[in-house]
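Values in this text are rule-based calculations from the coordinates and carry no lab data. Because the structure is a prediction, the values reported are computed rather than measured. Quick reminder, even Gly has a Cβ in these numbers, built from the backbone with ideal geometry, and neighbours come from all protein chains shown.
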Amino acid sequence: MDKQEKAEKAVDMIEQGFGVYPGYRRAHARGEVYEAEFTANGAAARWTTAPHFTGGTVQAAVRFSHFSPDPLWLDDESPVKGMAVRFELPDGQRASIVSVTSPVFFAKTPETFNEMVSIYRSFSNGKPRLGDLFSLFLNYPDSRSGLKALRKMKAPASFASGAYYAIHAFYFVNEEGRRQPIKYEWEPDAEIERLPHGKGEFGYFEREMEERLSRGPVGFRLFIRLGRPGDPTDDPTKLWPENRERIEIGHLSIQRRTGDREGMLFDPCEVTAGIEPSEDRILRFRPEAYRISHKRRQEGR
Ligand code: HEM
């Protein structure tokens, strides 16, 4: 099975497991897009030539989402939230960081992902609970830490008060061609808070964000973690050691809701010169799956 067929299968599996909601993304179905500005503080210039990270301010589009492929799940039934950021450079170039409120993923390879979704599909009966999925997948040792983290996961109190992780490693490349493995993390300006019990009715997060934005911009600081030799760059189920250096490289200021312009596609491998996606097979596989989902939803399927 080639990459295209595997990606097609992944999207089919998600549809069979969770249902088809015409016009919606096949994962992270419900969300809102906002207009923002990103200002680099220049600290990343030592490691990368990427224009949006070396200094100055660029426009950005940000989509906050609930992870569920079913747009009708209540807000607290999707403990994992997504934050997709597309930097829109003045010369038309684009770069994205697609992140979630979990620091690890539950599958190391596309094959494992497809297998797990198909097992889930054969067991699921109505709405799944992340706790049930955990016991189902104990046979996947690589996935254990990701699933453990997911089981304990609670939604943030607001889209604006969660920390978001891009999970995969990328390489920053500087003027001398030196490659430095990094991982991205977004930290909210607001205090990190968990959603109080009973607060997660349908649409609460979107309404809360509108209210917040009516009082002023919502901010996030962007950090990179620097990998050291031996830190895995190909495995989204593994965290790097806690003591890895963490550098703040810029600030995102979210201003207003804009709507999902032309059904935007946030491609996790979209980068400029100065950044390279790592060899992580899940990362390399995602763009194809996203394109297939985008095509289907644009066709109203
Ligand atoms: C096998 C692995 C994965 C598959 C098959 C997959 C599949 C998908 C699909 C089909 C979409 C909808 C794309 C669209 O219609 O535009 C999507 C969206 C999304 N995924 Fe994944 N995904 C995977 C891994 C991940 C990982 C590791 C992360 C964490 C960083 C992630 C975070 C997101 C987010 C935040 C969105 C929403 C993007 C937006 O707002 O447009 N996914 N995923």
Förster radius 45 Å - calculated FRET efficiency between Ser145 and Arg215, Cβ distance, rounded to 0.05: 0.75
Label point at Glu175 placed 7 Å out along Cα→Cβ; residues across the range 36-63 whose backbone nitrogen lies under 19 Å: 40-56
Put one equal scatterer on each alpha carbon of the chain, apply the Debye formula with no solvent term, and list log10 I(q)/I(0) at q = 0.09, 0.14, 0.15 1/Å to two decimals. -0.42, -1.10, -1.29
Along the charge dipole of the range 196-301, which of Gly198, His294, Phe220 sits closest to the positive end, that is, farthest toward it, with unit charges on the beta carbon of Lys, Arg, Asp and Glu (+1, +1, -1, -1)? Gly198
Would you mind calculating the gained length between Arg46 and Met1 on full extension (0.36 nm times residue separation, minus the Cα-Cα distance), in nm to one decimal? 12.1 nm
Estimate the FRET efficiency between Glu115 and Leu72 by the formula 1/(1 + (r/R0)^6), using the beta-carbon distance for r and 22 Å for R0, to the nearest 0.05. 0.25
If the chain between Ser122 and Arg291 were fully extended at 0.36 nm per residue, the gain over the current Cα-Cα distance would be 58.2 nm
Per residue, the convex hull volume that the Cα atoms of the range 145-272 enclose (Å³): 159
